Amino acid sequence: MDYGLIGEHLSHSYSKLIQEKLLDNYHYDLQEIAKEKLDEFMTSKEFKAINVTIPYKKSVIPYLTEMDYAAKQIGAVNTIVNRDGQLFGYNTDYYGFKYMVTKHSVSFENKKVAVLGNGGASQAIQAVVKDLNAKEMLVTDLILSDGIISMDELTQNHSDVEIIINTTPMGMYPKVHGSAIDLVAFPNCQAVFDCVYNPQDTAFTLQAKSLGIKTAVTGLEMLVGQAKKALEHFKDIEIDDSEIDRIYREILSETSNCVLINADEQTAKKCASAMKKNFVNLNDLDDIESFCISSNQVLLANSEMDHTTLIRNGFIVSSSEYSLIIEEYKSAISQFNI
């Protein structure tokens, strides 16, 4: 491949969709690589530029000729450019997370911050937290070491945490029920960020919203932001930051459910056709959850159904008329996470 993403499991990745929206006439591949095949892939160097995701952000470092400052400081690489057989590594997760924090006007100055998880993405986020002058940063992991604490210790001894960032895969599709931590234990929490981007609202962010935490953001903006910066390295070009928000809204529109609670079936089918989505009548099903967490569908529900389930990966629309449904859905997307 010329350009693409490597990782171990990529079936639910949005990277191809995002990258090909950023640039016309550009092809981006997803290539799953087993751990025992990574050395062969990296030494063959049969690519122009690649992104790197779980679990290879640290494993690729020995193959690189040089790394940028961010990658050196973080100790993880998610972008590699092949220049005449020499591999140059970058970390654009730093840029993506900082963009998301700035977009939502969250200040880390003199705040107590908890970062859940200590993998490659976490390293980039920890660097951002430090650079934004947090008063204190706590990092949790299953493997304890100097400066790393357990979830239990965080919950029991640090209830005064003000910002919590989840970098673990807990809550990621299809295992959407998991949450890395119970936010009830943190009454001073003012903002949460979740690096998981599918579904659009995780158990973690849904709980935050139910507790009145004003900023509860999942990782799609971070993903689009880091992809934009990666493509700039790939092609040696500059892309305006406004493209991040445009593509973010387009991805939401294309991958989210439109949940209708007052429309009839004929209207719902018409909306599905216009939106280029599948149609499912939830009222005919015994188990609705699998349909509510899968993307790109118009779901006909009723107002008595559990809204937490319905909105996990979708927007509830109350209008019953076709034209109003379309406008309400667009409006919901434009306001999501703002």
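The values are calculated or read from the model by the stated rules, or taken from the named source; none is laboratory data. No experiment lies behind these values; they were computed from the predicted model shown. Don't worry about glycine lacking a Cβ; one is built from the backbone with ideal geometry, like all the others, and counts go over all protein chains shown. For the accessible areas, the whole protein counts, side chains as well, though only heavy atoms, and no ligand, DNA or RNA atoms are used. Shrake-Rupley method; radii C 1.70, N 1.55, O 1.52, S 1.80 Å.
Values for this structure:
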| quantity | calculated |
| --- | --- |
| Test for residue 262: is it of a type outside the set (Lys, Arg) and surrounded by fewer than 23 Cβ atoms within 10 Å (Cβ to Cβ) | yes |
| Out of 94, 63, sole residue that is open to solvent by less than 70 Å² (accessible area, probe 1.4 Å), in contact with a helix residue (DSSP H, G or I) (Cβ under 7 Å, 6 or more places away or on another chain) and either under 30 Å from residue 137 (Cα atoms) or without any contact (Cβ under 8 Å) to a residue 12 or more places away in the chain (or both) | 94 |
| All positions within region 26-39 that are loosely packed, with under 10 Cβ neighbours inside 10 Å and over 19 Å from residue 11 (Cβ atoms) | 36 |
| Counted residues, region 199-225 - those being open to solvent by 20 Å² or more (accessible area, probe 1.4 Å) and not aliphatic (A, V, I, L, M) | 6 |
| Options 238, 232, 243: the member that is assigned to a helix (DSSP H, G or I), open to solvent by 10 Å² or more (accessible area, probe 1.4 Å) and free of Cβ contacts under 8 Å to residues at least 12 places away in the same chain | 232 |
| Residue pairs meeting the criteria (Cβ under 7 Å; at least 6 apart or on separate chains; first touching a residue at least 24 places away in the same chain (Cβ under 8 Å) and in a loop (DSSP other than H, G, I, E, B), in region 35-53; second surrounded by 13 or more Cβ atoms within 10 Å (Cβ to Cβ) and hydroxyl-bearing (Ser, Thr, Tyr)) | 48/3 |
| Candidate set: region 105-150, residues that are in contact with a Ser or Thr (Cβ under 7 Å, 6 or more places away or on another chain), closer than 25 Å to residue 338 by Cβ and not small (Gly, Ala, Ser); chosen: the one surrounded by the fewest Cβ atoms within 10 Å (Cβ to Cβ) | 106 |
